[in-house]
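Read the structure below first, then the notes.
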Amino acid sequence: MAESEGNWLERIKGKIEREITQIETREDLSTEEKVSRIIHIFSAASAAAAAQPLPFADIFILTPIQAYMGSRLSAIRGMPITEAKANELLKEILGTIGMGMLAQQAALGLYKVGLPFLAGFTTIPLVYGLTFAIGRTMDYYLKEKTKGRVVSAPDLKRMWREAKAEGRKRGKDFKPES
């Protein structure tokens, strides 16, 4: 049994490396496919994490997940950064898009206070969509930076609005695997 358990763990480890930690080295996927996969994986992980019923805990759980997503996106774009630097990038983007994100986090927390167990599951599409938008906005920022372009606050806000609309739709369509 220990050997089959070891094989199972090796398969899981290999899948994580192929799909997340070493995705930038894959030659069977285009850059855009890699970006899309990372954004989906981390949006799904954030949505699953949001199912926890604790009000206002989401920011402490979701921020590290989203920062790691940024570090993976930067590696794919050929501009590797540390998780700490990705966390700074996340804060910069969230600071630029401003109070709208803060208000959504507050609403998420208040919703969990009112309906603590049901709220976790009903917030899954919302959190998936928001993380998707964060990922697309981070990727836009990174893509522009690798081209040597300056990214302005209006550019980030425009990208955020576009990505949020797409993320909202994908969040509604997202069904966690059972």
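Numbers for the structure displayed
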quantity	calculated
Stretch gain in nm, segment ILE61-VAL150, where the contour uses 0.36 nm per residue and the Cα spacing is subtracted	29.0 nm
FRET efficiency for LYS157 and MET79, using Cβ-Cβ distance with R0 set to 25 Å, rounded to 0.05	0.65
Label point distance in nm, THR25-LEU9, each placed 7 Å from Cα along Cα→Cβ	2.1 nm
Estimated vicinal HN-Hα couplings, Hz - segment 159-171 in sequence order (Karplus 6.51, -1.76, 1.60; Gly, Pro = x)	4, 4, 4, 5, 5, 5, 5, 5, x, 4, 5, 5, x
Order by protection proxy (mean Cβ within 10 Å, highest first), peptides 136-149, 13-26, 79-92	136-149, 79-92, 13-26
Under Karplus coefficients 6.51, -1.76 and 1.60, residue-wise ³J(HN,Hα) of segment 139-144 in Hz, glycine/proline x	5, 4, 4, 5, 4, 5
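Where a number appears in this text, it was derived from the coordinates with a stated rule and is not lab data. Computed from a predicted model, the values in this text were never measured in an experiment. All Cβ positions, even for glycine, are placed from backbone atoms using ideal geometry, and neighbour counts span all protein chains on display.
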